[in-house]
Each structure stands twice: as structure tokens, then as C-alpha cells.
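Asks: Okay, here's the structure, questions in a sec.
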Amino acid sequence: MIWGFGAALTWALDTVILSVALAKGVFVSTPQAIALAAFVSTFLHDAGSAVTAFVYMALRRKLKDTLAILKTRAGLVIMGAALIGGPLGMTGYVISVNNIGASYAAAISAFFPAWGAFLAAIALKERMHWFQWLGLIACLAAVAVLGYTPAEGIPGNWTVGIIGALACVLGWGTEAVVVDWGLRNTAVDNEVAMQIRQTTSALAYAAIILPVLGGWGFATDVLGSDAMLFVALAGASGTVSYLCYYRAIDLIGASRAMAVNITYSAWAIPISLIILGSIPDVKGVVCAIVIILGAICAATDVRSMFGATSQEA
């Protein structure tokens, strides 16, 4: 759980820093820049994360372990998970944001842990008690309330936006389950899995998504702008987050790790207050408390906190 909360905290920090980058002039200077901002920033974010992971693994003298795993079936599984959670999940999220707005997209995509927990129960035979499911539901409901603000209209096609949000739920939830399955092979180290994930995602954006969108020119512009420093810092924070997240998946399983990880929505509130000076409202504070308590309930056997073992209960 400590690793899971570490993942949530650093992902919240990642999100806040990235929002600072996206507010820079280079991302809002032209209609093309606005249209490509999410795709290019995600690519540069994951590329920066991949570079950070490379340096980290080099210092740990584990690069040869990554190369060895890439030649195995387990390595291919981790690469598949990266493609599911990165280009599929994140691209679906961006498509949803562009068509139905950030509020609706965030509210719908927040249900990815529910899909992941359901899939883990079927594919990995993970057992969750009724009170853990209740905690997960409370957590998801609070995230939905936190991210949902009704708007007067939507910027694009509603059907396309809904399909994009569902693709995001499918991608992010499935990624955690696939990673969990891959890490159950004792030859796969969670740090190696993290490096494979970030590198695969960055390469997929570089080789497929940006060329299709014609975004390489704009990506070059961002590289030379003042926003790049913040994108790089966000990528470094994202590396730490995924390092913690994959470690949590390895230790407590996909469904519980996702339940703890989703608390980033709550941690983003105090981090935004510290970095951006954003004052939270009552709804934000209440939802943050519900998210954290719900995640704790979903991720562990709360009966042990009151001195009762599972057998006694």
C-alpha cells in the first residue's frame, strides 16, 4: 500500500506539473498547437520518462536484465500492456476530452479500476471481499463527483467521445491486469517492466501516432520552448510513479493497486494548493477524504486494523 500511495502522490505531482507546461504559450499559440497539445505533450512526457528510466536502470546496472526479458514471452506481454495502457488508453482519453470535454471524460474514465478489478477477478482469480468492493465503489463515486462539472455544451461528437472514454477505461484497466499476469513470472522484475512500459509507449507515439497526426514539426517546436523543462520534470515524476505502481501491482495485485493509485485525484488537490495556489472547495476536500478512505478499504483487509484476522472474521 505504501508503494501504491507513492504512485498516486507522484502521479498527482506529474499531473500538476504537466498542467503548468500545457499553459505555456507554445501549446496555445495556434489552432494546430491546441489540437496537437495532448498528443505531443504525452509523447514528450513518456519519452522523458523513458530516458529517466534508462538512466535509473543504468545506475542500477540492470539494463542487461531488460534486454534479456525483451527476448522472452513475458517481455512481449509487458510490451503489449504498454500499448494497451499508453497509446490505446491515453489516446482514447484525449479523443474523449476533445469531443465531450475534460469533465465528462474524467468522470467516465475514472471507472477504469472497476473494470480492472472485474477483469482481475475473472482472469487472475483475485478475491475481493464485499467491503473491499464497497470501498472501491465509494472511491470511484467520489472521483466521478470530483471530476464532473456539467457544461453548457460539448465541443465535438458525443458518440465518438463516449467511445474514446470507454477505450480509455478498457486500456488503463486491462493494462494493470496484464502487467500483474506478466509479473507473476518470477523472471520479470517490476523495475524492468516499468522501463519496458515507458519505452514502448514512447516509441509507439514516435513511430505511429505523431506521424499519422503530422505532429513531429510541432513536437520539435515544443522541444525548444520554455515548456519543455516542465514536461521533462513531469516525465521524471511519472517514472517514479510507474516504478511505484508496478511494484504495488507485484505486491498486492492489480485490483488493489488500482484502488490505491486512483487516489491521485485526491492528492492533486493539496499539491495544486502548494504549487499553483489553487484553493480547494468543500466538495473537493470531502471527495478527497472519501477517495483515500475508500482506497484503503479496497486495497487491504480492514478487519486486521481492528485486531481481527481473516480467519477469526
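The values are calculated or read from the model by the stated rules, or taken from the named source; none is laboratory data. Model, not experiment: these values are computed from the prediction. No Cβ is skipped: glycine too gets one built from the backbone with ideal geometry, and neighbour counts run over all protein chains shown. Just the protein is used for accessible areas: all its heavy atoms, side chains included, with ligands, DNA and RNA removed. Shrake-Rupley method; radii C 1.70, N 1.55, O 1.52, S 1.80 Å.
Asks: Give the residues of the stretch 108-122 that are within 21 Å of the chain's Cα centre (by Cα) and either surrounded by fewer than 20 Cβ atoms within 10 Å (Cβ to Cβ) or at pLDDT 75 or above (or both), sorted by residue number. First the steps, then the outcome.
Replies: Filtering the stretch 108-122 for residues within 21 Å of the chain's Cα centre (by Cα) gives 108-121.
Within the stretch 108-122, PHE112, PRO113, ALA114, TRP115, GLY116, ALA117, PHE118, LEU119, ALA120, ALA121 qualify.
Asks: For the stretch 239-251, state whether one or more residues are in contact with an Asp or Glu (Cβ under 8 Å, 6 or more places away or on another chain), aliphatic (A, V, I, L, M) and within 17 Å of ALA38 (Cα to Cα).
Replies: No.
Asks: Out of (1) modelled with pLDDT of 85 or more; (2) touching a His at 6+ places or on another chain (Cβ under 8 Å), what's the single condition that is false for ILE208?
Replies: (2)
Asks: If I ask for residues that are modelled with pLDDT of 85 or more and crowded, with 16+ Cβ neighbours inside 10 Å, which ones from the stretch 64-74 would you list? So that I can check it myself, show each step before the final result.
Replies: First pass over the stretch 64-74, keeping only residues modelled with pLDDT of 85 or more: 64-70.
If the condition is that a residue be modelled with pLDDT of 85 or more and crowded, with 16+ Cβ neighbours inside 10 Å, then ASP65, THR66, ILE69, LEU70 are the ones that fit.
Asks: Next up: Keeping to the stretch 61-88, report how many residues are in a loop (DSSP other than H, G, I, E, B) and in contact (Cβ under 8 Å) with a residue 12 or more places away in the chain.
Replies: Looking only at the stretch 61-88, we keep the residues that are in a loop (DSSP other than H, G, I, E, B), and these are 61-62, 71-72.
The next check asks that each one be in contact (Cβ under 8 Å) with a residue 12 or more places away in the chain; those that pass are 62, 72.
Qualifying residue count for the region: 2.
Asks: Further question: Here are some conditions: (1) open to solvent by less than 10 Å² (accessible area, probe 1.4 Å); (2) at pLDDT 90 or above; (3) under 18 Å from LEU9 (Cβ atoms). ALA227 meets all but one. Which one does it not meet?
Replies: Every condition holds for ALA227 apart from (3).
Asks: Looking at this structure, is VAL212 among the hydrophobic types (A, V, I, L, M, F, W, C) and open to solvent by less than 10 Å² (accessible area, probe 1.4 Å)? Steps first, answer last, please.
Replies: Details: among the hydrophobic types (A, V, I, L, M, F, W, C): yes; open to solvent by less than 10 Å² (accessible area, probe 1.4 Å): no.
So VAL212 fails the test.
Asks: Can you tell which of VAL55, VAL97 is crowded, with 21+ Cβ neighbours inside 10 Å, over 15 Å from the mean Cα position of the chain (by Cα) and either modelled with pLDDT under 90 or not charged (D, E, K, R) (or both)? It would help to see each step written out before you state the result.
Replies: On the way: VAL55 fails: crowded, with 21+ Cβ neighbours inside 10 Å.
Just a single option satisfies the conditions, and that option is VAL97.
Asks: Could you identify the single residue in LEU83, LEU76 that is of a type in the set (A, V, I, L, M) and farther than 24 Å from ILE163 by Cα?
Replies: Working: LEU83 fails: farther than 24 Å from ILE163 by Cα.
Unique residue meeting the criteria: LEU76.
Asks: Across the stretch 170-187, what is the total count of residues that are crowded, with 24+ Cβ neighbours inside 10 Å and not in a helix (DSSP H, G or I)?
Replies: The total comes to 0.
So that you can scan it fast, the table gives a plain yes or no per residue for (1) small (Gly, Ala, Ser); (2) open to solvent by 30 Å² or more (accessible area, probe 1.4 Å); (3) not in a loop (DSSP other than H, G, I, E, B):
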{"site": "SER237", "(1), (2), (3)": "yes, no, yes"}
{"site": "CYS244", "(1), (2), (3)": "no, no, yes"}
{"site": "ARG256", "(1), (2), (3)": "no, yes, yes"}
{"site": "SER265", "(1), (2), (3)": "yes, no, yes"}
{"site": "ALA268", "(1), (2), (3)": "yes, no, yes"}
{"site": "ILE289", "(1), (2), (3)": "no, yes, yes"}
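Asks: Does TRP11 satisfy being under 14 Å from SER241 (Cβ atoms), touching a Ser or Thr at 6+ places or on another chain (Cβ under 7 Å), modelled with pLDDT of 85 or more and of a type in the set (A, V, I, L, M, F, W, C)? Explain how you work it out, then say what you get.
Replies: On the way: under 14 Å from SER241 (Cβ atoms): yes; touching a Ser or Thr at 6+ places or on another chain (Cβ under 7 Å): yes; modelled with pLDDT of 85 or more: yes; of a type in the set (A, V, I, L, M, F, W, C): yes.
Spelling it out, TRP11 is indeed under 14 Å from SER241 (Cβ atoms), touching a Ser or Thr at 6+ places or on another chain (Cβ under 7 Å), modelled with pLDDT of 85 or more and of a type in the set (A, V, I, L, M, F, W, C).
Asks: Next up: Is there a residue being in a helix (DSSP H, G or I), within 16 Å of SER241 (Cβ to Cβ) and open to solvent by 80 Å² or more (accessible area, probe 1.4 Å) anywhere in the stretch 40-49?
Replies: No, the stretch 40-49 contains no residue that is in a helix (DSSP H, G or I), within 16 Å of SER241 (Cβ to Cβ) and open to solvent by 80 Å² or more (accessible area, probe 1.4 Å).
Asks: Would you tally the residues in the stretch 36-57 being under 23 Å from LEU88 (Cβ atoms) and either free of Cβ contacts under 8 Å to residues at least 60 places away in the same chain or of a type in the set (Asp, Glu) (or both)?
Replies: 2
Asks: Could we say that ALA167 is part of a helix (DSSP H, G or I), at pLDDT 85 or above and not β-branched (Val, Ile, Thr) here? Write out each step before concluding.
Replies: Details: part of a helix (DSSP H, G or I): yes; at pLDDT 85 or above: yes; not β-branched (Val, Ile, Thr): yes.
When the stated conditions are applied, ALA167 passes them.
Asks: So TYR205 fits all but one of (1) open to solvent by 50 Å² or more (accessible area, probe 1.4 Å); (2) in contact (Cβ under 8 Å) with a residue 24 or more places away in the chain; what number is the exception?
Replies: Here TYR205 clears every test but (1).
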